[in-house]
Amino acid sequence: MIFRISTDPVHGTVRPAARRSRRVALALGSMGLLLVPFLGAALAQSGDDFEQAPISYSKSQAVDPIARLQEQLDKKQATLKYDAVHGYLPSVLQQLKVPVSSQMLVFSKTSFQRDLISPRAPRAIYFNDQVYVGSVRNGPVLEFTAVDPQLGAVFYTLRQEPDKTPKFVRQTHECLSCHSSAMTRGVPGHVMRSVWTDRTGMPLLEAGTFLTTDESPFTERWGGWYVSGTHGDQRHMGNLITHSAAQAANPNLDAGANVTDLKRRFDAAAYLSPHSDLVALMVIEHQAHIQNLITRANYETRRAMAYEAAVGKDLGVPPGGHLDSTHSRVKSVGEPLVQALLFTKETALTAPVAGSAPFAREFAAQGPRDRRGRSLRAFDLKQRLFRYPCSYTIYSEAFDGLPDLAREYVYRRLWDVLSGKDTGAEYARLTPADRQAIREILLETKPEFGKHRPSAELEAPADSGSATP
């Protein structure tokens, strides 16, 4: 880094050097881009197979929402307004349709702008189904990840300086040194981490860290994050400052529980919202995990097909057929995706949860809905995250962008499970009412699902009985 930033470890106040850094030219090529906190030093690079054909990650033109917005900016079809307090942040969120209610605040120093981050000056993260936006107070750049239907996570920065022609700059190799590892399933993706953090925001690595998904125990989630909302007698690592690894070994989790007002912990007026919403945190940890699985299924299927095209003739692949190895590779990445779509390993809630912001209401209102008003975005928040345990990410561009062979596998397996043909242990948590409701919702809201309906199902239409409305 070629600029110096001083942050007071107690009060988190940014000294003039930080403000001056906005005007310093940044060597962005030497920085990693982190939108959800994790510890890059602890991760081993997974290699750069995706830089080769058929993926060619860095050389391929992205068509994600940020790439599309940049194209609109270049053609003068869209504009970004610069705000004296928040820079381009409010305008960017509006253009990308990212709700302010999704704001989450992380105070661990786990971003390349870490010198500006502390418990008194947390980093804000906002998201929708396809875009993640990171903002640091007085930071020289905004951080972005957008999900491309063929490339997976694509990383960008936007300088926080007034400019007649603001430019999103794509970042590749430096970000991938951390954002492509075993923790992202070996593809460019997202990682959400939970860490014990001291009063300056420094992670206490010796105390251990946790990867956070919807499968994580509640007690291992959100270390280094602020969490606003209620969750009964369940406990988590959020809102806690830890003085030593020894203290982390025997923490008082009650101190960070059921916090609904964060204003005493930092200057809430400096942010677009005073919240770090509990439900938003639960949604993002599910979404980031399953997006990585979708990207992995995409990559591996394309590699299998490329291999088959190269050697298939010599091995005598029949017209319209595939190698057994191709089917095996598709199954190896397709089955984990099916299980994640159906929340088969989700950690059950033992008490109701509620956020402090309007995020849950706004998220659920997006739909789509079937004729009975049911939606995969409807929350449960009593025993599990969603009322109908099938992920809304099935509507995403990334899912629709899966190669035909992978998408067809997922649909076929969904029919097996939802029709009751597969009642294996992996899917035992799905009740008959769950299976019927999900099947009916998908038939009305995801037309392609119905096109893959088995002939036996066509002869015996779905029961319109007593599934939960």
Within segment 401-449, how many residues are closer than 30 Å to ILE55 by Cα and in contact with a helix residue (DSSP H, G or I) (Cβ under 8 Å, 6 or more places away or on another chain)? 15
Looking across segment 314-349 at residues that are of a type in the set (Asp, Glu) and not in a loop (DSSP other than H, G, I, E, B), the single one that is surrounded by the fewest Cβ atoms within 10 Å (Cβ to Cβ) is ASP314
Enumeration of residues in segment 368-378 that are small (Gly, Ala, Ser) and in contact (Cβ under 8 Å) with a residue 60 or more places away in the chain: GLY373, SER375
So, in segment 220-237, how many residues would count as being assigned to a loop (DSSP other than H, G, I, E, B) and touching a residue at least 40 places away in the same chain (Cβ under 8 Å)? 11
Search segment 247-273 for residues that are surrounded by fewer than 16 Cβ atoms within 10 Å (Cβ to Cβ) and pair each with any residue that is not in a loop (DSSP other than H, G, I, E, B) when their beta-carbon atoms are under 6 Å apart and the residues are at least 6 apart or on different chains. THR260/SER228
Are any of the residues in segment 56-72 over 27 Å from TYR395 (Cα atoms) and among the hydroxyl-bearing types (Ser, Thr, Tyr)? no
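So that you can scan it fast, the table gives a plain yes or no per residue for (1) at pLDDT 95 or above; (2) among the β-branched types (Val, Ile, Thr); (3) within 25 Å of ALA207 (Cα to Cα); (4) not assigned by TED's automatic domain parsing to the domain that holds VAL136:
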| residue | (1), (2), (3), (4) |
| --- | --- |
| ALA257 | yes, no, yes, no |
| ALA288 | yes, no, yes, yes |
| LEU293 | yes, no, no, yes |
| ARG296 | yes, no, no, yes |
| TYR299 | yes, no, no, yes |
Restricting attention to segment 397-414, which residues are free of Cβ contacts under 8 Å to residues at least 60 places away in the same chain and either more than 14 Å from PRO447 (Cα to Cα) or of a type in the set (Lys, Arg) (or both)? ASP404, ARG407, ARG412
From THR326, THR347, residue being modelled with pLDDT of 95 or more and of a type in the set (Ser, Thr, Tyr): THR347
The number of residues in segment 46-88 that are over 22 Å from the mean Cα position of the chain (by Cα), under 14 Å from LEU158 (Cα atoms) and among the aliphatic types (A, V, I, L, M) is 2
Could you say whether any residue in segment 89-96 is buried (at least 20 other Cβ atoms within 10 Å of the Cβ) and touching a Gly at 6+ places or on another chain (Cβ under 9 Å)? no
Tally of residues being under 29 Å from ALA304 (Cβ atoms) and in contact with a strand residue (DSSP E or B) (Cβ under 8 Å, 6 or more places away or on another chain) across segment 58-84: 5
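The values are calculated or read from the model by the stated rules, or taken from the named source; none is laboratory data. All values derive from a computational prediction rather than experimental measurement. Cβ sites come from the backbone with ideal geometry, for glycine too, and all protein chains shown count toward neighbours.
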